[in-house]
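The values are calculated or read from the model by the stated rules, or taken from the named source; none is laboratory data. Since the model is a prediction, treat every value here as computed from it, not as a measurement. Neighbour counts are summed over all protein chains in view; Cβ atoms, including those assigned to glycine, are modelled from backbone coordinates with ideal geometry.
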Amino acid sequence: MRQRILEHLDSDAVVMDVDSDSFYATDVYSGGHPPALVVQPQTITCVGPLVEIATSMGFAITQRGGGMSYTGGYLPRQPNTLILDLSALNHIVSIDEEDLVITVEAGVTWRQIWDALTPLGLRLPFFGTFSGSLAAVSQTAPCLWARTAMVVPQTSSADWKSSTPRGRRIQTGQAAFHNGRPGFRQYGPDVTGLFDHDAGALGVKTLASLRMMPMPVTSDYASFAFATQDEAVRALSAIGRSGYCEEAYVFDPATTQRSLDPATLMKDIGRLGNVIRSQSSVLKGLQEGAKMAMAGRRFIEGSVYTLHCVCAGRSVDSVRDDRQGVVTLATADGGVEISNTIPKAARASPFEPLEGILGSQGERWAALNSKVPHSDAQRLIDATHAAIDPFRDRMALHGVTMRFLYIAIAQHIFSYEPVLRWFDEWLPLHRHVPEPEFLGRLKEPPSNSEGRALVDEIRSRIVESFAEFGAASNQIGKTYPMLASLNTDTRSVLTVLKKELDPEGLMNPGALGDLGE
């Protein structure tokens with residue numbers, strides 16, 4: 001079969017080497033079956049015929065962008081899988097400054113978009129993923145979660161152009177109409193959302209049109225320390241609901257300690273006295289003094305939670321007022337204002353080189369994500385901790401640790417991201433993606449099969465907990481049981497749609513879950 005499809009390949013496609021390193025059989029977290037074939041299309045025009053020919057021969061198809069999935073998004077579930085490497089489809093097709101729409105090929109990275117728009121004083125309503133220096137739009141539905149620490153009210157999904165096994169070339173949004181143009185979707189039933197978040201289960205995306213917005217005229221930043229998780233989470237939700245910020249996120253103590261050097265923390269301790277002296281009464285000063293003393297001890301112990309915010313807008317006055325609103329809400333929940341170097345640095349350079357797929361000591365990591373309304377935030381956290389508690393002793397035994405990231409998205413979403421870390425032998429992506437200078441400072445750990453198995457077990461339990469809770473996630477990949485989590489009628493509609501677009505179930509099998517495929 002492999003030879004047969006090679007005979008039908010368009011001359012404008014490159015067959016990639018599937019070597020013994022199994023680079024294409026792994027993502028950031030795990031591995032799958034080695035693919036039967038990896039094809040890298042050089043132009044969009046050859047994608048549709050390739051999909052049609054390959055599926056007619058019984059090949060399953062997955063699509064790979066930058067390869068930064070940690071949910072098995074593009075990993076083969078079966079041996080006869082053709083991986084479409086879309087990284088060569090990396091051209092920005094057009095930037096329409098009048099109608100504020102950018103159209104890009106599916107292999108374009110979020111950093112490419114940022115670099116192209118910044119000189120024009122434009123940007124997307126979202127940044128893209130944290131791995132955006134390599135991650136492409138093809139596997140990442142660019143909705144309001146696309147950069148997990150991004151909060152912008154004007155967010156919207158892309159309009160897509162996709163190819164399906166039956167030779168259909170589906171366009172979504174207003175561009176699907178005769179003489180229509182991309183950029184808005186307010187007319188009739190909206191099919192665009194069907195292709196968002198589908199991990200290639202309904203077709204191969206080739207083009208995306210995304211809305212742009214003017215770059216804010218000015219920005220300001222604020223960071224706060226909290227003695228407890230509960231206080232930090234309450235403040236984050238209050239600030240998220242307020243709409244004062246376009247970015248708001250909380251680091252746990254371990255992440256805070258790694259992100260702020262001791263000298264910076266000591267300067268922040270010095271601010272505690274100023275907070276006490278600024279109080280309007282002796283009693284209030286004493287009350288705040290006790291609170292600040294506790295926060296000071298936490299600073300010294302390195303066990304504070306930190307909240308980081310970015311305010312941006314069209315005028316200095318409006319941004320100043322928004323920042324003051326943030327300060328009022330954060331301090332009301334026990335926050336102490338500290339140096340704002342973390343959000344400043346993150347905004348100054350949104351897409352750093354991808355050293356972050358390994359820890360500073362060479363450890364691996366595995367993230368999970370869930371999203372709920374703000375009113376459910378603490379219950380979600382408590383449920384997740386309860387799911388993790390039975391594993392604590394084994395985690396200590398096998399060197400598995402966990403960190404947490406809490407994010408406010410728009411004004412109505414609380415995002416919660418537990419991240420497992422452990423020392424283990426690296427996967428091919430860990431050896432190929434980071435800068436050589438960074439890798440040269442690290443030593444690859446030995447194989448830790450017991451730690452790896454424990455991480456698998458913990459991840460599965462957390463995913464079950466999220467599903468029981470009814471939480472949403474950033475993406476499905478092959479980690480989250482999407483179809484099985486839907487109610488019966490909704491699941492049946494999606495199953496029928498999948499059958500219509502992909503009758504043989506060859507588009508990324510398992511991406512929606514095992515039910516109905």
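Overview of results
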quantity: All positions within region 488-513 that are farther than 19 Å from residue 63 by Cα and of a type in the set (A, V, I, L, M, F, W, C); calculated: 493, 494, 496, 497
quantity: Residue satisfying all of: in region 370-400; hydroxyl-bearing (Ser, Thr, Tyr) and surrounded by 18 or more Cβ atoms within 10 Å (Cβ to Cβ); nearest to residue 474 (Cα to Cα) among these; calculated: 370
quantity: Region 420-434, subset of a type outside the set (A, V, I, L, M) and not in a helix (DSSP H, G or I), residue surrounded by the fewest Cβ atoms within 10 Å (Cβ to Cβ); calculated: 425
quantity: Only one of 366, 396, 387, 346 that is of a type in the set (A, V, I, L, M) and assigned to a strand (DSSP E or B); calculated: 366
quantity: Exclusive hit being in contact with a helix residue (DSSP H, G or I) (Cβ under 9 Å, 6 or more places away or on another chain), part of a loop (DSSP other than H, G, I, E, B), in contact (Cβ under 8 Å) with a residue 40 or more places away in the chain and not basic (Lys, Arg), set 129, 71; calculated: 129
quantity: Scope region 163-178; condition among the hydrophobic types (A, V, I, L, M, F, W, C) and either outside any helix (DSSP H, G or I) or touching a Cys at 6+ places or on another chain (Cβ under 8 Å) (or both); matching residues; calculated: 170, 177
quantity: Candidate set: region 327-368, residues that are out of contact with any strand residue (DSSP E or B) (no Cβ under 7 Å at 6 or more places or on another chain) and within 17 Å of residue 239 (Cα to Cα); chosen: the one surrounded by the most Cβ atoms within 10 Å (Cβ to Cβ); calculated: 329
quantity: Boolean, residue 370 is under 30 Å from residue 68 (Cβ atoms), in contact with a helix residue (DSSP H, G or I) (Cβ under 6 Å, 6 or more places away or on another chain), not hydrophobic (A, V, I, L, M, F, W, C) and not assigned by TED's automatic domain parsing to the domain that holds residue 247; calculated: yes
quantity: Among the candidates 417, 468, 444, residue that is out of contact with any Ser or Thr (no Cβ under 8 Å at 6 or more places or on another chain), under 22 Å from residue 69 (Cα atoms) and either buried (at least 20 other Cβ atoms within 10 Å of the Cβ) or of a type in the set (D, E, K, R) (or both); calculated: 444
quantity: Which numbered condition residue 197 misses (of (1) in contact with a strand residue (DSSP E or B) (Cβ under 9 Å, 6 or more places away or on another chain); (2) part of a loop (DSSP other than H, G, I, E, B)); calculated: (1)
